[in-house]
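Trainee: Here you go, one structure.
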Ligand SMILES: *[C@@H]1O[C@H](CO)[C@@H](O)[C@H](O)[C@H]1NC(C)=O
Ligand SMILES: *[C@@H]1O[C@H](CO)[C@@H](O)[C@H](O)[C@H]1NC(C)=O
Ligand SMILES: *[C@@H]1O[C@H](CO)[C@@H](O)[C@H](O)[C@H]1NC(C)=O
């Protein structure tokens, strides 16, 4: 049988001495804790000015959700897009927060359930909507309609802008940010005006290659009967119609000629032209060669550092 000894007075004294020593050491090591407490007290008094809590991460100019509508089986394209966008985030000091997300409808195949799950575990950048995969039967509506419940809520974490992009377009994020910084944060409909020859953003709609709306319009689309009743049709055209019928999108901006279709091999219509230095985005990058040529023109690999491991590139 184990017997616990009663604490004699000497043990108690030692215990108190130990505690006192610990307290002294704590004050020596963390002297600022006392200041922190007085700061908190100051913060509560109404006359004080706010104390910035985290000076290391400055507040972004704005928050943009860049939703790339793609298909579950486009593994290789997602790999490339993750590369080009994560490199941009690393190479440039982006002043805005840009969250790139891949958007598709419910998975339908056994291999997808495992392979897409792996991607989600590694990258957490996939949004699976409750819809069946389709081009023109409401996928874009399902995208917008899902966003307020996924990302809504108040202030701090809400997006300012939401983009819908194809998976064959490359955005230069610094240029996009520079351009969006000049835009109103409300009632904004921003993109490449259709038809190709038009420069009038109020006439028709923005090409589905990649367009941006402000968050208030996302909330409106998600709740409007006008949108809910008219989900079928070419998605970019329908978005234009919803906004037109709803009297929305008072602020419109046409990104021509900084957005354009890839010239294959020369400009084939009024939507395409030669590469240009002021490029915000190049579209119709349908294969790796087109990606390579566009990225090369835009000097994306200029940052490649010399290394013993690179024999020839
Ligand atoms: C997904 O959509 C189907 C068909 O519209 C509906 O029956 C189901 O309840 C939805 N599931 C969720 C989780 O919302
Ligand atoms: C949407 O459809 C419903 C059912 O058909 C109809 O009652 C309603 O008036 C329509 N709303 C609009 C704005 O067209
Ligand atoms: C790419 O780099 C070259 C050489 O430095 C420069 O002349 C050109 O303007 C750059 N192109 C772009 C799109 O920045």
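What follows draws every value from the coordinates through simple rules; no lab data is involved. Quick caveat, the model's predicted, so the values are computed rather than measured. Counting neighbours? That spans all protein chains shown, and the Cβs are built from the backbone with ideal geometry, glycine included.
Trainee: Set the Förster distance to 30 Å, then compute FRET efficiency between residue 108 and residue 273 from the Cβ-Cβ distance, nearest 0.05.
Mentor: 0.20
Trainee: Expressed in nm to one decimal, what extension gain is obtained for the pair residue 157 and residue 202 from 0.36 nm per residue of sequence separation less their Cα-Cα distance?
Mentor: On the way: separation 45, 0.36 × 45 = 16.20 nm, distance 3.09 nm.
Length gained, residue 157 through residue 202: 13.1 nm.
Trainee: List 198, 307, 272 from most exposed to least, where exposure is judged by having the fewest other Cβ atoms within 10 Å.
Mentor: Fewest-to-most ranking of 198, 307, 272: 307, 198, 272.
Trainee: Determine by what factor the alpha-carbon radius of gyration of the range 83-194 differs from 2.2 N^0.38 Å, reporting the quotient.
Mentor: Computed over Cα atoms of the range 83-194, the ratio equals 1.18.
Trainee: Please work out the Cα center distance from the range 103-143 to the range 236-277, rounded to the nearest Å.
Mentor: 26 Å
Trainee: Okay, next question. Three principal axis extents, largest first, for the C-alpha atoms of the range 148-282, in Å?
Mentor: That works out to 45, 32, 25 Å along the principal axes.
Trainee: How do 150, 69 rank when sorted from fewest to most other Cβ atoms within 10 Å of their own Cβ? Don't skip to the answer; put the middle values down first.
Mentor: Values: 150 11, 69 22.
Neighbour counts put them in this order, fewest first: 150, 69.
Trainee: Please work out how much length the chain gains when fully extended from residue 223 to residue 186, using 0.36 nm per residue of separation minus the C-alpha to C-alpha distance, in nm with one decimal.
Mentor: Gain on extension, residue 223 to residue 186, equals 11.6 nm.
Trainee: In percent, what relative contact order does the range 63-122 have, based on Cα pairs under 8 Å that are 6 or more apart in sequence?
Mentor: Details: 41 pairs, mean separation 33.0, N = 60.
It comes to 55 percent, rounded to a whole number.
Trainee: Sorting 107, 71, 118, 129 on the 10 Å Cβ count, fewest up front, what's the list?
Mentor: The fewest-first ordering by Cβ neighbours comes to 118, 71, 107, 129.
Trainee: Take each of the peptides 79-92, 199-212, average the number of other beta-carbon atoms within 10 Å over its residues, and list them starting from the highest. Provide the component values of the computation, followed by the final result.
Mentor: Details: 79-92: 14.9, 199-212: 20.1.
Ranked by mean Cβ neighbours within 10 Å, highest first: 199-212, 79-92.
Trainee: When the Cα atoms of the range 191-266 are enclosed in a convex hull and the volume is divided per residue, what value in Å³ results? Walk me through the numbers before you get to the answer.
Mentor: On the way: hull volume 7.0 nm³, N = 76.
So the per-residue Cα hull volume is 93 Å³.
Trainee: Using 7 Å Cα-to-Cβ label points, what is the residue 286/residue 264 separation (nm, one decimal)?
Mentor: Each label point is offset 7 Å from its Cα along the Cβ direction, giving 0.3 nm.
Trainee: May I pose another question? When the chain is fully extended, how far beyond the present Cα-Cα distance does residue 130 get from residue 251, taking 0.36 nm per residue of separation?
Mentor: 40.5 nm is the gain from fully extending residue 130 to residue 251.
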